[in-house]
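Following: one structure in structure tokens, then a few remarks.
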Amino acid sequence: MYTSYLNEPVQQVANHQEASVGSAASVGFAMADLRRKRRFRDAGAALGLLVYLAPLFAMASVAVRVSGPGSLFRRREVVTAEGQRVRLLHFRTAPSADARWWQRKLLKCLQVTCVATLPALVNVIRGDIELREAVKAV
């Protein structure tokens, strides 16, 4: 009688562990489904923002081109929440050495208004980062 009393809780613990292993697998599938939904939502929102802000994107591109020679974009390496290294796109806002005062003011305006970070939406569409991480990068 004493041994059956001891064996019963052990059996209950074993059944509980089997149940928790099965539920862990279903939680894993639910998390993957949640990540997929979040990915589509972020990509859709970023694409919508890029379409909506396309005129601003074009004006910022022209402003960077007019401000001096060099590439239109710069890449900044950041670490995501998952620990992955990603190169974020930004508009180049560093003026060249021979830039005039109005070119410097134009690039400073892009920095202050955070328009320089608009190309990070391309990283969201590509799936490199989430939309909330692109907003934090501002």
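Residues to consider are 44, 83, 68; find the one that is out of contact with any Lys or Arg (no Cβ under 8 Å at 6 or more places or on another chain) and exposed (fewer than 11 other Cβ atoms within 10 Å of the Cβ).
The match here is 83.
Does residue 111 fit the bill of being free of Cβ contacts under 8 Å to residues at least 24 places away in the same chain and farther than 20 Å from residue 48 by Cβ?
Considered against the rule, which asks whether it is free of Cβ contacts under 8 Å to residues at least 24 places away in the same chain and farther than 20 Å from residue 48 by Cβ, residue 111 comes out as yes.
Considering the stretch 24-66 alone, what residues qualify as being at pLDDT 90 or above and hydroxyl-bearing (Ser, Thr, Tyr)?
52, 61, listed by residue number.
Can you work out which of the residues in the stretch 104-136 that are within 14 Å of residue 42 (Cβ to Cβ) and among the small types (Gly, Ala, Ser) is nearest to the chain's Cα centre (by Cα)?
Out of the qualifying residues, it is 134.
The values are calculated or read from the model by the stated rules, or taken from the named source; none is laboratory data. Quick caveat, the model's predicted, so the values are computed rather than measured. A quick note on method: Cβ atoms are made from the backbone with ideal geometry, for glycine too, and the neighbour counts reach across all protein chains shown.
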